[in-house]
Amino acid sequence: MWRFALVRTGQLLVTLFLASVAVFLVIEHAPGDPAQVQLGLSATPAEIAVERRKLGLDASVMHRYVVWLGQALHLDLGRSFATGLPVTRTIVTAFGYTLRLDVLAIVLGIALGLPLGIAAALRRGSRLDAGISAFAALGLSVPVFAMGTLLILVFAVHFKVMPAAGAGVPGQSVLSSLRYLVLPAATLAIPFAAVLARYLRVELGEAMEQPYVLTARSLGLRRRTVVVNAWRNAMIPTITVMGIQVGRLLAGAIITETVFSYPGIGYLTVQSIQSLDYPVVEGVLLLGAAVFLLVMFVVDVVIGFASPRMRIEGA
Amino acid sequence: MSAVPVSVRDATGPTVTVPRWWRGLSWRALVGAGGVAAFLVAAVLAGAVSPYSPDALAIGSRLEGPSAAHLLGTDQLGRDVLTRILYGLRPSLESGFAAIMMAAVVGVALGLPSGYFGSLVDTVVTRVLDLLVAWPAVFLALAIVLLLGTGELQVIVAIGLAEVPVFSRLVRSIAMVAARSDHVVAARAAGASSLRIMLRHVLPFVVTPLVVQFAIAAPQALVAEASLNYLGLGTHPPAPSLGAMVSEGQSFLAYAAGPIVFPILVIVALVVSLTLLADGLQDRLDPRSRIGAR
């Protein structure tokens, strides 16, 4: 098992390294000269040359990559072109917002998806099952941006019970900041719950049809007791899928946060790309890849510990 | 793995009249196919059906509700919503199709040699694809837009690239098995070149799973296309697109819901149709998928 974890760690580091190269190269080839952006359109060629030297842009690509990576490893990503604030601080602030949103979305998603999935699995073929399946299919068919705008339309514009955008003002009470989280979190939670319910339905349903369940039942064990046993086997594939979903929350956050103008990482990403704020773009892309890869890594290792069979593939 | 011979029979079966797999499709699949066909016809006939131009402004009749003149009302610039939806279907359908086509072609080009040769080729291809899946697809799309600017072509490339690993892995896994089968060994003994073996003796195994994967990827590509257009990374205004209509209408939600609700309904209907069709095709063509289904 430790061998598997070690191999997986090595893979993670290699992919992270390659991802950093990719981010650097994308920014390298993106249109616009950082020196020009810094100085504005009125700068003379001579001024730009001086600024380029000051920013270290006259060194070789290799050299600049090594310097850049070194600084990035020390959490120094430069300053935002737009605000002049350190990129690291900007990103940490935004990430805090996104984390709050994602945690609430996961909690809501599990609270909704878990009972629905179990109910569907234990009552397969019933009307309840059909209804849950239909809900799950619909939840997956409505794109995130459409779900978000529809929720705004219903709860913010029509009933006026929730704010339509933003995260409120600093220093507000927990309750009022929570109000700003509800709609975006629900937007993310609905597809999350739909996937969870779908997988649980199939996996738990299959586990309940296994011979050991029949044996246990025939020995007189109560259904509720047996479900707990079947549960363990159903959870392995479900954890994998949920891990991927958590990784995807990050992507979902880009669209959801744009819909709600919510000041998290996703909104920051879109804003920084639109305003060609390259230091921030570099930061969010690096962070995005790192978080996504880390989540995948944790999922793999957790699964490796939970189920010995899964270890063979990686090692 | 036992499904492979079945797929081959299906793929090379008599296809002169109605393809054999078409028969026996569930009613859900037929409903899906009907829905997709209806949207295709609507998109193609957009100009013939609607008396309006999608870009015709009418400042006097902004944000109107549905009426006889404007069946689905007008948007914030007085443009006919139904007309813009019909024209907006075009980039969605075209880009979605083009993106998956690209993913399928690149996926076969990478996956076939990867699975057939194994060893070094496989390692290199797998590592490169790992890099593609290291980001959520939206990040990939944003990076591409950063490099190439906004536009529908960039959207196609972004969606296509994000789908490539799925197709490549599918083709690779099938090619791996096929490369070790008796008829391939026989072909090699008879002196056939690797290229010939891959195209003549391995590719046919891949066709049916590819069709299924194509159908599964279609609704995803459509959602991705609409989402990227919502973020403003696709078509340039005033060209209509379903995603852009929603983002443009969002600022005027308090005054009129039609300009966003109707495009959303169309997107959802299209996604549901494509999903039904994909599920039906999968049940019919891939016997393994039936185990989990009802």
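The values are calculated or read from the model by the stated rules, or taken from the named source; none is laboratory data. Treat the numbers as computed from the prediction; the structure is a model and nothing was measured. Backbone-built Cβ (ideal geometry, glycine too); neighbour counts: all protein chains shown. Note: areas computed on protein heavy atoms with side chains; ligands, DNA, RNA excluded. Shrake-Rupley method; radii C 1.70, N 1.55, O 1.52, S 1.80 Å.
Take the range A:281-302 and flag every residue that is under 13 Å from the mean Cα position of the chain (by Cα) and more than 7 Å from chain B (Cβ to nearest Cβ).
Correct list: A:VAL284, A:LEU287, A:ALA290, A:VAL291, A:LEU294, A:VAL295, A:MET296.
How many residues does the range B:139-187 contain that are open to solvent by less than 20 Å² (accessible area, probe 1.4 Å) and on the phi > 0 side of the Ramachandran plot?
Result for the range B:139-187: 1.
If B:ILE174 satisfies every condition in (1) in contact with a helix residue (DSSP H, G or I) (Cβ under 9 Å, 6 or more places away or on another chain); (2) at pLDDT below 85 but one, which is the exception?
All conditions are met except number (2).
Condition check ((1) among the hydrophobic types (A, V, I, L, M, F, W, C); (2) more than 21 Å from A:ALA130 (Cβ to Cβ); (3) more than 26 Å from the chain's Cα centre (by Cα)) across all residues:
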position	(1), (2), (3)
A:ILE190	yes, no, no
A:GLY205	no, no, yes
A:LEU214	yes, yes, yes
A:ARG224	no, yes, yes
A:ASN229	no, yes, yes
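Which residues, counting only those in the range B:225-259, are touching a Pro at 6+ places or on another chain (Cβ under 8 Å), more than 9 Å from chain A (Cβ to nearest Cβ) and outside any loop (DSSP other than H, G, I, E, B)?
Passing the criteria: B:GLU225, B:ASN229, B:LEU242, B:ALA244, B:MET245, B:GLU248, B:GLY258.
Looking at (1) at the interface with another protein chain (Cβ under 10 Å from one of its Cβ atoms); (2) open to solvent by 30 Å² or more (accessible area, probe 1.4 Å); (3) touching a residue at least 40 places away in the same chain (Cβ under 8 Å), find the lone condition where B:ARG284 falls short.
(1)
Are any of the residues in the range A:226-238 touching a residue at least 12 places away in the same chain (Cβ under 8 Å), in contact with a Pro (Cβ under 8 Å, 6 or more places away or on another chain) and closer than 30 Å to A:THR256 by Cβ?
no
Can you tell which of A:VAL37, A:VAL14, A:VAL26, A:VAL50 is part of a helix (DSSP H, G or I), more than 21 Å from B:LEU129 (Cβ to Cβ) and within 14 Å of another protein chain (Cβ to nearest Cβ)?
Step by step, each of A:VAL37, A:VAL14, A:VAL26, A:VAL50 is checked, and only A:VAL37 is part of a helix (DSSP H, G or I), more than 21 Å from B:LEU129 (Cβ to Cβ) and within 14 Å of another protein chain (Cβ to nearest Cβ).
Could you check the range A:184-233 and list, in sequence order, the residues that are open to solvent by less than 30 Å² (accessible area, probe 1.4 Å) and more than 19 Å from A:ARG248 (Cβ to Cβ)?
Hits for the range A:184-233 are A:ARG201, A:LEU204, A:GLY205, A:ALA207, A:VAL213, A:ALA216, A:VAL226, A:VAL227, A:ALA230.
Listed here are the residues, each with its yes/no results for (1) within 18 Å of the chain's Cα centre (by Cα); (2) under 25 Å from A:LEU69 (Cβ atoms); (3) more than 9 Å from chain B (Cβ to nearest Cβ).
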{"position": "A:ASN233", "(1), (2), (3)": "no, no, yes"}
{"position": "A:ILE236", "(1), (2), (3)": "no, no, yes"}
{"position": "A:GLY247", "(1), (2), (3)": "yes, yes, no"}
{"position": "A:VAL259", "(1), (2), (3)": "yes, no, no"}
{"position": "A:TYR262", "(1), (2), (3)": "yes, no, yes"}
{"position": "A:LEU268", "(1), (2), (3)": "yes, yes, yes"}
{"position": "A:GLN274", "(1), (2), (3)": "no, no, no"}
{"position": "A:PRO279", "(1), (2), (3)": "no, yes, yes"}
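Go through the range B:109-124 and give me each residue that's hydrophobic (A, V, I, L, M, F, W, C) and crowded, with 22+ Cβ neighbours inside 10 Å.
B:LEU110, B:LEU112, listed by residue number.
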